[in-house]
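Structure, as structure tokens:
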Amino acid sequence: MSSKTRPELLNHTNDTRLAVTIVEACQLTGLSRSSIYRLMDIGALQSRRILGRRVVLMASVRELVENGVAK
């Protein structure tokens with residue numbers, strides 16, 4: 001992980017990745033692993049399992065940060 005701050009990572013225009021790992025989603029949002037998994041469980045964060053590895057869609061991370069989620 002680079003030394004960039006979270007807002008810089010979310011707005012970095014050269015980052016064309018479609019998905020990030022759970023750990024990267026935690027770093028980007030400042031949320032704990034359990035919070036990320038909870039948000040995935042309730043559908044507030046979209047994720048996919050690819051070859052046995054869980055990844056979080058970046059579009060979903062951006063939407064969560066921009067719009068939040070109701071409790």
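Here are some notes:
- The Cα-based radius of gyration and maximum Cα-Cα distance (Dmax) for segment 16-71 are 10.3, 32 Å.
- Multiplying the residue separation of Thr16 and Arg48 by 0.36 nm and removing their Cα-Cα distance gives an extension gain of 9.8 nm.
Since every read-out is calculated from the coordinates, none of them should be taken as a lab result. Quantities reported herein were computed from a predicted structural model and do not represent experimental measurements.
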